[in-house]
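Structure first, commentary second.
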Amino acid sequence: MQRRSRNSLLRRILFPYTGEEMLTRRQGLRVIGIWALFFSFAMLLCTTPFTLAFVGAASPNRIVLILLIAFFSGVVIFGALAWFVVVMNNRAVQIMQRRAGTNNTSGGRYGS
(Lines give C-alpha, C1' and ligand atoms only; values in the text may rest on other atoms or scores of the structure.)
Protein backbone atom coordinates (compact mmCIF):
# COMPACT_ATOMS: atom_id res chain seq x y z
CA MET A 1 0.00 0.00 0.00
CA GLN A 2 1.36 3.43 -0.95
CA ARG A 3 1.63 6.14 1.63
CA ARG A 4 0.02 9.34 0.39
CA SER A 5 1.52 12.69 1.19
CA ARG A 6 -0.64 15.11 3.15
CA ASN A 7 0.65 18.04 1.12
CA SER A 8 -1.03 19.27 -2.04
CA LEU A 9 0.59 18.86 -5.44
CA LEU A 10 1.36 22.57 -5.64
CA ARG A 11 3.05 22.48 -2.22
CA ARG A 12 5.14 19.47 -3.24
CA ILE A 13 6.24 21.28 -6.42
CA LEU A 14 7.05 24.66 -4.88
CA PHE A 15 8.63 23.49 -1.60
CA PRO A 16 9.12 19.71 -1.57
CA TYR A 17 10.97 19.66 1.76
CA THR A 18 9.61 19.07 5.25
CA GLY A 19 11.10 22.17 6.83
CA GLU A 20 12.63 20.06 9.58
CA GLU A 21 16.12 19.94 8.05
CA MET A 22 18.37 22.64 6.67
CA LEU A 23 18.37 22.94 2.91
CA THR A 24 21.66 22.43 1.13
CA ARG A 25 22.85 24.99 -1.39
CA ARG A 26 21.63 22.77 -4.22
CA GLN A 27 18.18 22.32 -2.66
CA GLY A 28 17.95 26.06 -2.05
CA LEU A 29 18.87 26.83 -5.65
CA ARG A 30 16.26 24.32 -6.80
CA VAL A 31 13.55 26.08 -4.78
CA ILE A 32 14.67 29.49 -6.05
CA GLY A 33 14.69 28.30 -9.67
CA ILE A 34 11.29 26.64 -9.42
CA TRP A 35 9.67 29.69 -7.83
CA ALA A 36 11.30 32.09 -10.29
CA LEU A 37 10.16 30.12 -13.34
CA PHE A 38 6.75 28.95 -12.09
CA PHE A 39 5.48 32.35 -10.98
CA SER A 40 7.13 34.21 -13.88
CA PHE A 41 5.39 31.99 -16.43
CA ALA A 42 2.10 32.49 -14.60
CA MET A 43 2.67 36.24 -14.64
CA LEU A 44 3.56 36.09 -18.33
CA LEU A 45 0.38 34.16 -19.13
CA CYS A 46 -1.73 36.70 -17.25
CA THR A 47 0.03 39.65 -18.91
CA THR A 48 -0.23 38.36 -22.48
CA PRO A 49 -3.99 38.93 -23.07
CA PHE A 50 -3.84 42.44 -21.62
CA THR A 51 -0.79 43.28 -23.68
CA LEU A 52 -2.43 42.05 -26.86
CA ALA A 53 -5.66 43.89 -26.07
CA PHE A 54 -4.20 47.27 -25.16
CA VAL A 55 -0.97 47.36 -27.15
CA GLY A 56 -2.16 45.15 -30.00
CA ALA A 57 -1.99 47.95 -32.56
CA ALA A 58 1.64 48.64 -31.69
CA SER A 59 4.60 46.97 -33.30
CA PRO A 60 5.36 43.33 -32.44
CA ASN A 61 8.71 44.46 -31.04
CA ARG A 62 6.95 46.53 -28.40
CA ILE A 63 4.68 43.61 -27.44
CA VAL A 64 7.68 41.31 -27.08
CA LEU A 65 9.51 43.93 -25.03
CA ILE A 66 6.59 44.31 -22.61
CA LEU A 67 6.29 40.53 -22.21
CA LEU A 68 10.05 40.15 -21.64
CA ILE A 69 9.98 42.89 -19.00
CA ALA A 70 7.06 41.14 -17.28
CA PHE A 71 8.85 37.80 -17.34
CA PHE A 72 12.25 39.00 -16.14
CA SER A 73 10.77 41.23 -13.45
CA GLY A 74 8.90 38.15 -12.21
CA VAL A 75 12.14 36.15 -12.19
CA VAL A 76 13.83 38.81 -10.07
CA ILE A 77 10.93 39.37 -7.67
CA PHE A 78 9.99 35.74 -7.10
CA GLY A 79 13.60 34.57 -7.10
CA ALA A 80 14.34 37.03 -4.30
CA LEU A 81 11.22 35.95 -2.44
CA ALA A 82 12.23 32.28 -2.74
CA TRP A 83 15.74 33.12 -1.51
CA PHE A 84 14.15 34.76 1.54
CA VAL A 85 12.03 31.65 2.16
CA VAL A 86 15.10 29.40 1.97
CA VAL A 87 17.06 31.62 4.37
CA MET A 88 14.16 31.79 6.85
CA ASN A 89 13.65 28.01 6.63
CA ASN A 90 17.31 27.38 7.43
CA ARG A 91 17.26 29.89 10.27
CA ALA A 92 14.13 28.30 11.77
CA VAL A 93 15.73 24.86 11.58
CA GLN A 94 18.84 26.17 13.36
CA ILE A 95 16.70 27.63 16.14
CA MET A 96 14.72 24.39 16.53
CA GLN A 97 17.94 22.36 16.65
CA ARG A 98 19.43 24.66 19.28
CA ARG A 99 16.32 24.36 21.44
CA ALA A 100 16.21 20.59 21.06
CA GLY A 101 19.91 20.32 21.83
CA THR A 102 19.84 22.22 25.12
CA ASN A 103 19.66 20.07 28.22
CA ASN A 104 17.13 21.67 30.50
CA THR A 105 17.41 19.96 33.90
CA SER A 106 15.94 22.81 35.93
CA GLY A 107 12.44 21.40 35.78
CA GLY A 108 10.94 23.44 32.99
CA ARG A 109 10.22 27.09 32.47
CA TYR A 110 9.43 27.93 36.09
CA GLY A 111 11.91 25.58 37.74
CA SER A 112 11.10 22.97 40.35
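Annotations
Residue-by-condition table, conditions (1) within 17 Å of the chain's Cα centre (by Cα); (2) within 30 Å of Ile95 (Cβ to Cβ):
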| residue | (1), (2) |
| --- | --- |
| Asn7 | yes, yes |
| Pro16 | yes, yes |
| Thr24 | yes, yes |
| Val31 | yes, yes |
| Met43 | yes, no |
| Cys46 | no, no |
| Thr51 | no, no |
| Val64 | no, no |
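- Test: residue in the range 23-39 that is among the small types (Gly, Ala, Ser) and more than 28 Å from Val85 (Cβ to Cβ): no
- Cβ-Cβ under 9 Å pairs, at least 6 apart or on other chains, the range 13-36 side charged (D, E, K, R), far side in a loop (DSSP other than H, G, I, E, B) and surrounded by 13 or more Cβ atoms within 10 Å (Cβ to Cβ): Arg30/Pro16; Arg30/Leu23
- Ala70 meets the conditions (1) under 28 Å from Val93 (Cα atoms); (2) in contact with a Leu (Cβ under 9 Å, 6 or more places away or on another chain) in every case but one. The failed one is (1).
- Considering (1) assigned to a helix (DSSP H, G or I); (2) surrounded by 12 or more Cβ atoms within 10 Å (Cβ to Cβ), the lone condition that Arg11 does not fulfil carries the number (2).
- Within the range 28-52, restricting attention to residues that are of a type in the set (Val, Ile, Thr) and more than 17 Å from Leu9 (Cβ to Cβ), the residue that is modelled with the highest pLDDT is Ile32.
- Test: residue in the range 73-82 that is at pLDDT 95 or above, part of a helix (DSSP H, G or I) and more than 30 Å from Glu20 (Cα to Cα): yes
The values are calculated or read from the model by the stated rules, or taken from the named source; none is laboratory data. What you see is a predicted model, and the numbers here were worked out from it, not measured in a lab. Virtual Cβ from ideal backbone geometry, glycine too; neighbours counted across all protein chains shown.
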